[in-house]
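Before any comments, here is the structure.
We did not get these values from a lab; they are worked out from the coordinates using the rules stated. Small disclaimer: the values here were computed from a predicted structure and weren't measured.
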Amino acid sequence: MWGPDSSTLSISLLLAGSWAQSVLTQPASVSGSLGQRVTISCTGSSSNIGRYYVSWYQQLPGTHPRTIIYGNSNRPSGVPDRFSGSKSGSTATLTISGLQAEDEADCYCSTYDKHGSGSSFTYPQYLR
């Protein structure tokens with residue numbers, strides 16, 4: 001959502017976790033000026049983020065969520081390189097370098113464990 005001076009962009013964040021595990025926590029929202037570097041944290045514990053892979057999802061208004069980071073730091077094809085991910089201990093971080101107007105969206109993180117050729121995802125809990 002644009003701020004009062006029409007140069008500040010706000011990114012809403014959703015909490016994601018597992019029905020059986022501790023909830024992952026994120027700040028309620030992050031704001032930044034166009035062109036600025038924005039960092040979004042996702043904090044968990046040794047039983048989720050500390051143990052599993054992290055994915056980040058972005059949901060633009062009126063669209064389905066899309067994966068923007070998987071395996072902690074990998075970008076799917078088509079995702080701009082201004083998006084990057086990292087993980088340290090029980091905290092994962094999404095960084096947007098050079099914030100653009102089209103980055104205004106809901107974002108959320110999730111953990112998953114790879115088993116053979118498939119993946120087991122947590123069930124996100126969406127909180128507005």
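What's the whole-number percent of alpha carbon pairs in the stretch 8-113 lying beyond 18 angstrom?
The share of Cα pairs beyond 18 Å in the stretch 8-113 comes to 43 percent.
The mean sequence distance of close C-alpha pairs (under 8 Å, at least 6 residues apart), as a share of the length of the stretch 8-113, puts its relative contact order at 35 percent. Equivalent ellipsoid of the stretch 31-84: semi-axes from √(5λ) of the C-alpha gyration tensor, largest first, are 21, 15, 12 Å.
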